[in-house]
Every structure is written in C-alpha cells, then in structure tokens.
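A.B. asks: Pasting a structure here, questions to come.
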C-alpha cells in the first residue's frame, strides 16, 4: 500500500484528490493550516482507516519531518495560490510559504520518495505564440516568481515531477468562486451580469477532477514522468475570456457580459498552451467547460455564502 502525504490538502484540489487516492486503497495523510476555515471539508474522510489529518503549517519543520519520514509519495500543494492573495500577504510572507517551505521539504526527502509539485502557468509571464514546456519562464507577479523559484527547487532533485496547470474550474468539496469560469458562471446565475476586462486574452482551462487525476497518472507512471515538467490541460480548451462568456451564455442566455478594460491581469496570461507532452504519455482530460458550467448551475443553492469560497 502506497503512503501519500498531501500538503495543503484541505484546499480546492486536495479535497478533490483525497477521495480519489483513498478509493485506490492508498494511505493518505493531509496537513493543512486551515487558513480559510475549511476543515469541515475533511470530515467525510475521517472514518476511513487509511486517512489521517493534521492541522499545521508546512513551515513547522518538526511536524513536517514527522509526516514525511515514511511516505512513498509527497504531493506538495501548500501555497498562497494566485496573485491577489500573494499581493495581500506581501513578498516576504509569500516567499516564506511558496518558496522557502518548498526548499525545506526538498531538503528532508530521501531520494526514493517521489515528489509531485503543483506549479502554475503563471510562471510563463507574457508569451507570444504557442507556449510549451521549453518556453522561457518570465514570471511577472509575486505569485509567479515564488512558484517559479519553488518549481526550480523541486526539479533540482531527480525523483520529482512538476505540473504547470491550466486555470482550474468546476465543483470541489472546498469550492472556489474566485476562479474565472466558476466566478463568471456564479455571477451570471445570481446577478445576471458580469464585467469582463481584457476579453481578448487567451486562457486555458482544466476541470479540478482532471487536474487531480493527473497526480494519480504520475504515480502510475513514475518511471516515465520523474525529472520532467508538464503543462497539464487540454489543447481543446484554449479560449479567450470572451469565448468563455459565450459558452456560459448558451446555458444562461439571460446573463449580460459587459466588456470593459477596467483593470489588467498582472500575470499577463494571454497565450495558447500546448499539452502534447503529457498527451503523448496517454493523459487526456475528460470533463468539458460545458459540464463544469452545468455543475456550478446545479450547485447555486448550496453556494449562498459566496465570500467563503474565495481565496482572499
């Protein structure tokens, strides 16, 4: 039985990934500081004999050492995720969690422990043309810089894999409504309108369940995937923000989207991304934007206190 540690496992991705791993018979340990008061999202797994939860910060080195020592796989998700929260926390604090904590984790791992890292497409910065894993990294925000530095630390060891994920969407036990597709669908349903800036910007997307599946895919294909970085998403889901609104409008025809350049994306995410590298190994996404939008629509009555589901 594989033993897996998920750092930051009570978040949007971790609460989706945890039951998938438990269903495969893995022994799963989650550590999370519950910054967003999301501990109740772990309650359904407490009765599973293969699940253990620890409330704590990954910067608590004694705690982390005790959790890491017997694990076969470590999935490192703990971070301040996104530019807004990194701006709120500031450069020093963001570096402490996103980068230094990653270095501390890497320093305490044995060579035979497999490290999987949740990186980000924000590492690329402003790109012209098709974006591949070989595209030079040029992060523009605190978030992008701290994650780029952390990714380099992770990839300094051989038995590691880093995933540069597309923008996630879809329903998760620990929901997030500050992600583009989720946010626009929620506003279309509850307010009937939304204001869109930089509507021509090209973005790429992945459902949170497909994102979670990529970690399991890597565990199953460790020998092929270690020592590599992968873009994770779908070549079929490169869309402009305006196109996303048009897809939402097909399911919420009365919603009005107003296009006005009132602010800007600091990470300059405006490029088409290639997912050929991971597709060549056999990984394909299964869930479309349309299905994710339908999920949000069906969950509206369960998302009444929307501020709880935002990372800032």
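Nothing in this text is a laboratory measurement; each read-out follows from the coordinates by a stated rule. Treat the numbers as computed from the prediction; the structure is a model and nothing was measured. When we count neighbours, we look across all protein chains shown, and the Cβ atoms used for this are built from the backbone with ideal geometry, even at glycine.
A.B. asks: For region 88-177, report the translational diffusion coefficient in µm²/s to the nearest whole number, using Stokes-Einstein at 10 °C, 1.306 mPa s, and a Kirkwood Rh over Cα pairs.
C.D. replies: Approximately 111 µm²/s, per Stokes-Einstein.
A.B. asks: On the principal axes of its Cα set, how long, how wide and how thick is the chain? Give whole Å, largest value first.
C.D. replies: That works out to 54, 43, 40 Å along the principal axes.
A.B. asks: May I ask you to list the residues of region 133-168 whose amide nitrogen lies under 12 Å from a point 7 Å from Cα along the Cα→beta-carbon direction of residue 103?
C.D. replies: Output list for this probe position: 149-150, 153-154.
A.B. asks: I'd like the distance separating the alpha-carbon centroids of region 192-214 and region 56-90, in whole Å.
C.D. replies: Value for the Cα centre distance between the two parts: 25 Å.
A.B. asks: Scaled to the compact-protein estimate 2.2 N^0.38 Å, what is the alpha-carbon radius of gyration of region 11-138, rounded to two decimal places?
C.D. replies: Here the answer is 1.16, to two decimals.
A.B. asks: Oh, and also: Taking 7 Å along the Cα-to-C-beta vector as the label spot, tell me the residue 60-residue 72 distance in nanometres, rounded to one decimal.
C.D. replies: For residue 60 paired with residue 72, the spin-label model returns 2.7 nm.
A.B. asks: Take the alpha-carbon centre of region 239-312, take the same for region 129-185, and report the distance between them in whole Å.
C.D. replies: 15 Å
A.B. asks: What ranking, highest mean first, results for peptides 39-47, 102-110, 268-276 when packing means the other Cβ atoms within 10 Å averaged over each residue? Walk me through the intermediate numbers first.
C.D. replies: Numbers: 39-47: 14.2, 102-110: 16.4, 268-276: 19.2.
Top of the packing list down: 268-276, 102-110, 39-47.
A.B. asks: Relative to 2.2 N^0.38 Å, what does the C-alpha radius of gyration of region 180-312 come to as a ratio? Two decimals please.
C.D. replies: Taking the Cα Rg and dividing by 2.2 N^0.38 Å, one obtains 1.17.
A.B. asks: Among rounded, prolate and oblate, which fits region 60-132 when a ≥ b ≥ c are the square roots of the eigenvalues of its C-alpha gyration tensor, a/c under 1.5 means rounded, and a/b larger than b/c means prolate?
C.D. replies: oblate
A.B. asks: Given labels modelled 7 Å from the Cα in the Cβ direction, how far is it in nm from residue 299 to residue 96?
C.D. replies: Those two pseudo-labels are separated by 3.1 nm.
A.B. asks: Taking the alpha-carbon set of region 157-231, what are its Rg and Dmax in Å?
C.D. replies: Spelled out, the Cα radius of gyration and Dmax of region 157-231 are 16.1, 50 Å.
A.B. asks: Which log10 I(q)/I(0) values does region 143-196 give at q = 0.17, 0.28 Å⁻¹ under the Debye formula, counting every alpha carbon as one identical point scatterer?
C.D. replies: After summing over all Cα pairs, the log10 values are -0.71, -1.05.
A.B. asks: Please work out how much length the chain gains when fully extended from residue 3 to residue 262, using 0.36 nm per residue of separation minus the C-alpha to C-alpha distance, in nm with one decimal. Mind dumping the intermediate values first?
C.D. replies: Values: separation 259, 0.36 × 259 = 93.24 nm, distance 4.77 nm.
Using 0.36 nm per residue and subtracting the Cα-Cα distance, I get 88.5 nm.
A.B. asks: Most fluctuating residue of 201, 128, 215 in a GNM of the chain with Cα springs under 10 Å: which is it?
C.D. replies: Result: 128 has the largest fluctuation of those listed.
A.B. asks: Going by a ≥ b ≥ c, the root eigenvalues of the Cα gyration tensor, does region 194-240 fall in the rounded group (a/c under 1.5), the prolate group (a/b larger than b/c) or the oblate group?
C.D. replies: Here region 194-240 falls in the prolate category.
A.B. asks: Sticking with this one: Using a ≥ b ≥ c from the Cα gyration tensor of region 1-66 (square roots of the eigenvalues), is it rounded, prolate or oblate, where a/c under 1.5 gives rounded and otherwise the larger of a/b and b/c decides, a/b for prolate?
C.D. replies: It comes out oblate by the Cα gyration axes.
A.B. asks: How large is log10 I(q)/I(0) at q = 0.11, 0.14, 0.17 Å⁻¹ when the Debye formula is applied to the Cα atoms of region 102-255, each weighted equally and without solvent?
C.D. replies: -0.51, -0.78, -1.06
A.B. asks: A follow-up question, please. Ordered by packing density, taken as the mean number of other Cβ atoms within 10 Å over each peptide's residues, highest first, how do 131-143, 229-241 rank?
C.D. replies: 229-241, 131-143
A.B. asks: Using only helices, what value at 222 nm comes out for the chain when you add -39,500 (n - 2.57) per DSSP H run of length 4 or more and divide by the total residues, to the nearest 500 deg cm²/dmol?
C.D. replies: Rounded to the nearest 500, it is -9500 deg cm²/dmol.
A.B. asks: Here is a further query. Starting from the Cα of residue 50, step 7 Å toward the Cβ, then list every residue of region 6-26 with an amide N under 13 Å from that point.
C.D. replies: Residues 18-26 qualify, since their backbone N sits under 13 Å from the label point.
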